[in-house]
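Structure, as structure tokens:
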Amino acid sequence: MTNEGAAAMDARVVVVAGAHGDTHDDGTVSSVATETPAATVADGSEVTKSSPAASRRNPLLTSSGGTPRYTLKIHKAVNIKGMDANGKSDAYCTLTNYKGKPKSTKVIMATLNPIWNETFIVRGPTLRISMYDKDLMSADDMIGYADIDLQSAADGTERDFRMLDETGHHSHRGHLLVIVYPGDTRPKGKYVPGHNDTL
């Protein structure tokens, strides 16, 4: 092969999946982006890991304002404090962050070990989950709360958070078990039972 032929071969670039560039008539590519590694999420699908540039391009990973998105599953709580006269609580959780309207789980009646198995799409970087006892005749009582660093927790493993009381102290308020995944793991355009509105 001549030197001119070898140079022409070197100029040709194979475009990998997810790359971006303009292919010319002679087969050369003016610019090619490297493929970003993928992460497997809750439903077995893959989403691109969140680098600053990739996050801005992928609506599954970020909101329109560029804030990271996460899929949060509130699994259950164990050994929560009984707030009612029967020694139990009618427990539900409320999710809040620095912007967005609070969202709540359903109420689990008369228990110290509520199981929700509810999933929310939330925005980072942090999230507060507050647990309350539902009352019909008076204001709901706070059982406890947990603050979650979504980025550090987003590895798809169940995390155990020891809840704090209203003063920020551990006082036998129970444990909250949640799972956080990076990005919005819902199949596009499909309703998924147990998934609630985005914060």
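The values are calculated or read from the model by the stated rules, or taken from the named source; none is laboratory data. This one's a predicted model, so the numbers in the text were calculated from it and none came from an experiment. Reconstructed Cβ throughout: ideal geometry from the backbone, glycine too, with neighbour counts over all protein chains shown. Remember, those area values only see protein heavy atoms, side chains included, never the ligands or the DNA or RNA. Shrake-Rupley method; radii C 1.70, N 1.55, O 1.52, S 1.80 Å.
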**Study point:** Within region 83-105, tally of residues that are open to solvent by 40 Å² or more (accessible area, probe 1.4 Å) and hydroxyl-bearing (S, T, Y)
**Key:** 3
Practice item. Please tell me if T157 is surrounded by fewer than 16 Cβ atoms within 10 Å (Cβ to Cβ) and at pLDDT 95 or above. Key: yes
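Here is a check on your reading of the model: is G183 modelled with pLDDT under 95 and surrounded by fewer than 17 Cβ atoms within 10 Å (Cβ to Cβ)?
Working: modelled with pLDDT under 95: yes; surrounded by fewer than 17 Cβ atoms within 10 Å (Cβ to Cβ): no.
The answer is no for G183.
Give the residue, chosen from I121, I80, I108, I129, that is of a type in the set (A, V, I, L, M), open to solvent by less than 70 Å² (accessible area, probe 1.4 Å) and without any contact (Cβ under 8 Å) to a residue 24 or more places away in the chain. Steps first, answer last, please.
On the way: I121 fails: without any contact (Cβ under 8 Å) to a residue 24 or more places away in the chain; I80 fails: without any contact (Cβ under 8 Å) to a residue 24 or more places away in the chain; I129 fails: without any contact (Cβ under 8 Å) to a residue 24 or more places away in the chain.
Exactly one residue qualifies, and that residue is I108.
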Review point. In region 116-147, what residues are touching a His at 6+ places or on another chain (Cβ under 8 Å) and either farther than 13 Å from L177 by Cα or small (G, A, S) (or both)?
Key: F120, I121
Review point. How many residues does region 109-140 hold that are more than 15 Å from H175 (Cβ to Cβ) and assigned to a strand (DSSP E or B)?
Key: 14
